[in-house]
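Let me begin by presenting the structure, written as structure tokens, before commenting on it.
The values are calculated or read from the model by the stated rules, or taken from the named source; none is laboratory data. Fair warning: this is a prediction, and the values are worked out from it, not measured in the lab. As a convention, Cβ positions derive from the backbone with ideal geometry for all residues, glycine included, and neighbour counts pool all protein chains shown.
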């Protein structure tokens, strides 16, 4: 059965939007690149103005999957803005603004949001305006009609509206996640946007290679695992975090998932491994980082052994056998490490999609009980008085 036949057969059970949003990501990424390139000048002007103050506080924020984008972008923004960067979820900013905002420092708040309609999304930008003496808002969102896109403020702001295809219709964020992640990467490096076109092309090639292996990911999903662990370090820690949520969301919690860094996993969390556990390893393309990652891989092979272990790496080979390995390049390292998270999230999306179908769920709306929804419900935002 070829890739298109497999997808067509799978869609008889549901998941039309999710399928289109997962497999449409390479084309979306090209549109994201073109949009950032077209907006290079105003983006550069905005960032230059925002970073003119040496005391600038910079926070990457969002809720749920949108918050995990910041975990992958900390290093990129730090290296390019030459400022200390923090990734803080809006759900933390709203409850404890004084832990993260300074009343005597300017703030660059970079907000990621699919719809922009989550109550915490607007509450976080309002609190920033309330607490900080000067705020620069960079809003990256997929919905031009969402509350965050329509937010009005006296503060300096730039609203980057994603291509329409990024506004996922399904419950789980897929294209919206990778698209906003790529947008953040490109905006952080907007002054070199022309040469980054080659990086985006490689990303699209790697994605096509992964998406073309649907049958393999379906077979992994068919394995009788009840737990899953995703491990990644540095920018790939954000990918591991998003991956664990994606599989857990798409299976309505039937598969319990964990995430960690390679080194962090040794410090207690490794106890989760049993004979019903899938372990998926996201390897850096940096030799120094790989030394630590391969050490843990050897430790995992020595036991206690999980039910199944898979890994993804850009190029090279693993120093021990895995149940399944995905090697994306035969030409050596072609991507900056910062770009790996954009395509390394695809395996979890596909495994989640096929596992959802296998368990009898509709991937577009897997939460039969309504426990989770596309936009969070029931959150009350209370007035805040600075302490």
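Below are the figures for this structure:
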quantity	calculated
Helices (runs of 4 or more DSSP H) completely within the range 140-244 that count 1 or more residues being more than 23 Å from residue 20 (Cα to Cα)	175-188, 197-211
Yes/no for residue 182 being over 18 Å from the mean Cα position of the chain (by Cα), within 20 Å of residue 41 (Cα to Cα) and in contact (Cβ under 8 Å) with a residue 60 or more places away in the chain	no
Within the range 284-309, considering residues that are under 22 Å from residue 71 (Cβ atoms) and in contact (Cβ under 8 Å) with a residue 40 or more places away in the chain, the one surrounded by the most Cβ atoms within 10 Å (Cβ to Cβ)	293
Counted residues, the range 185-204 - those being in contact (Cβ under 8 Å) with a residue 60 or more places away in the chain and over 17 Å from the mean Cα position of the chain (by Cα)	9
Counted residues, the range 91-120 - those being farther than 14 Å from residue 382 by Cα and either surrounded by 20 or more Cβ atoms within 10 Å (Cβ to Cβ) or in contact with a strand residue (DSSP E or B) (Cβ under 8 Å, 6 or more places away or on another chain) (or both)	16
Qualifying position, being touching a residue at least 40 places away in the same chain (Cβ under 8 Å), assigned by TED's automatic domain parsing to the domain that holds residue 140, touching a strand residue (DSSP E or B) at 6+ places or on another chain (Cβ under 9 Å) and over 16 Å from residue 112 (Cβ atoms), among 78, 49	49
Search result, residues across the range 324-369 that are surrounded by fewer than 17 Cβ atoms within 10 Å (Cβ to Cβ) and more than 22 Å from residue 256 (Cβ to Cβ)	325, 327, 330, 331, 332, 333, 336
Exclusive hit being surrounded by fewer than 18 Cβ atoms within 10 Å (Cβ to Cβ), within 20 Å of residue 348 (Cα to Cα) and at pLDDT 95 or above, set 192, 205	205
Conditions (1) surrounded by 18 or more Cβ atoms within 10 Å (Cβ to Cβ); (2) more than 22 Å from the chain's Cα centre (by Cα); (3) closer than 18 Å to residue 49 by Cα; (4) in contact (Cβ under 8 Å) with a residue 40 or more places away in the chain; number of the one not met by residue 135	(4)
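Conditions (1) within 22 Å of residue 79 (Cβ to Cβ); (2) more than 18 Å from the chain's Cα centre (by Cα); (3) not in a helix (DSSP H, G or I), marked per residue:
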site: 22; (1), (2), (3): no, no, no
site: 34; (1), (2), (3): no, yes, no
site: 49; (1), (2), (3): yes, yes, no
site: 53; (1), (2), (3): yes, yes, yes
site: 59; (1), (2), (3): yes, no, yes
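Residue-by-condition table, conditions (1) in contact (Cβ under 8 Å) with a residue 60 or more places away in the chain; (2) surrounded by fewer than 23 Cβ atoms within 10 Å (Cβ to Cβ); (3) under 16 Å from the mean Cα position of the chain (by Cα):
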{"residue": "211", "(1), (2), (3)": "yes, yes, no"}
{"residue": "214", "(1), (2), (3)": "yes, no, no"}
{"residue": "217", "(1), (2), (3)": "yes, no, no"}
{"residue": "220", "(1), (2), (3)": "yes, yes, no"}
{"residue": "223", "(1), (2), (3)": "yes, yes, no"}
{"residue": "227", "(1), (2), (3)": "no, yes, no"}
{"residue": "236", "(1), (2), (3)": "yes, no, yes"}
{"residue": "244", "(1), (2), (3)": "yes, no, yes"}
{"residue": "253", "(1), (2), (3)": "yes, yes, no"}
